[in-house]
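Quick notes on the structure that follows.
Here, each number is a calculation from the coordinates, and none is a lab measurement. Model, not experiment: these values are computed from the prediction. Here the Cβ is made from the backbone with ideal geometry for all residues, glycine too, and neighbour counts use every protein chain on show.
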Amino acid sequence: MKKDEGYGGYSLREKIFHKLRQDILNGKYKSGDNLVEMKLAEEMGVSRTPVREAIRQLELEGLVTSIPNKGVIVEGISRQDIEDMYVIRESLEGLAARWAIERIEDRQLKELEDICELMEFYTEKGDLDHVGELNSRFHDIIFEATRSRPLKQILSDFQYYVQAIRLASLKSPGRAKESLREHKLIVQAFKDKDIDGGEKALMEHIRNSKKNVTKLCRE
């Protein structure tokens, strides 16, 4: 079997890119670390070519920098990057709420309700890792319900960047219960077909998340 066959031969560069991006955002590779092409290829059991291509894509996103005589250095994301993303999300997710309320299917609305119930269950149990996963799915459903491919793509990309910090935010005292309350308000607006109320509730949720994340970043 060829080296790259373990990945199915489909979009290998993309798979490696997503893996490396997640490792950077999760803190496995920290700012200032060196990414060694040959070492990564050996660890993943692939040739160096797709790793090189994935690193180029990471560089386009600003997560790494190629420095002559030093190699590929991890940049990661800064506090300012995170704050900027939340400001952008507030505007775009407000728009997403408006479109989603107009276009959401019954099955998607039911899934939002079910997720809220599960979030409450796991919040009471203190299983915040599970709450974080449900949180991401909740927002993904809203993005899908907009039926707008461009908007869904932009917001889904932001999900990758805020996942780790979102989980840290949920684990700060009192935030998980407050977040649950905010999600319930969003679901109620969707059930009521309240476009203005849904936009306001989702934007307020993002605004509160930003305040909490900004506080964490400054500690």
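Full extension of the segment from Met38 to Ser11, taken as 0.36 nm per residue of separation minus the current Cα-Cα distance, would add 7.8 nm. Remark: relative contact order (segment 3-74) = 39 percent; criterion is Cα-Cα distance under 8 angstrom and separation of 6 or more residues. Modelled label positions at Glu102 and Ile154, each set 7 Å beyond Cα in the direction of Cβ, lie 1.6 nm from each other. In plain terms, the chain from Gln80 to Arg147 could stretch by 21.1 nm, reckoned as 0.36 nm per residue minus the Cα-Cα distance. Per residue, the average separation of C-alpha pairs within less than 8 Å and at least 6 apart gives the chain a relative contact order of 22 percent. Ranked for footprinting exposure by Cβ neighbours inside 10 Å, fewest first, Arg52, Arg21 give Arg52, Arg21. Using the Karplus relation 6.51 cos²θ - 1.76 cosθ + 1.60 with θ = phi - 60°, the per-residue 3J(HN,Hα) values for segment 84-91 come to 4, 4, 5, 5, 5, 4, 4, 5 Hz, with x marking Gly and Pro.
Computed from Cα positions, the angle between helix 128-145 and the longest principal axis of the chain comes to roughly 80 degrees. Coupling constants for segment 149-162 follow from the phi torsions by the Karplus curve (6.51 cos²θ - 1.76 cosθ + 1.60, θ = phi - 60°), and in residue order they are 4, x, 5, 4, 5, 4, 5, 5, 4, 4, 4, 4, 6, 9 Hz; glycine and proline get x.
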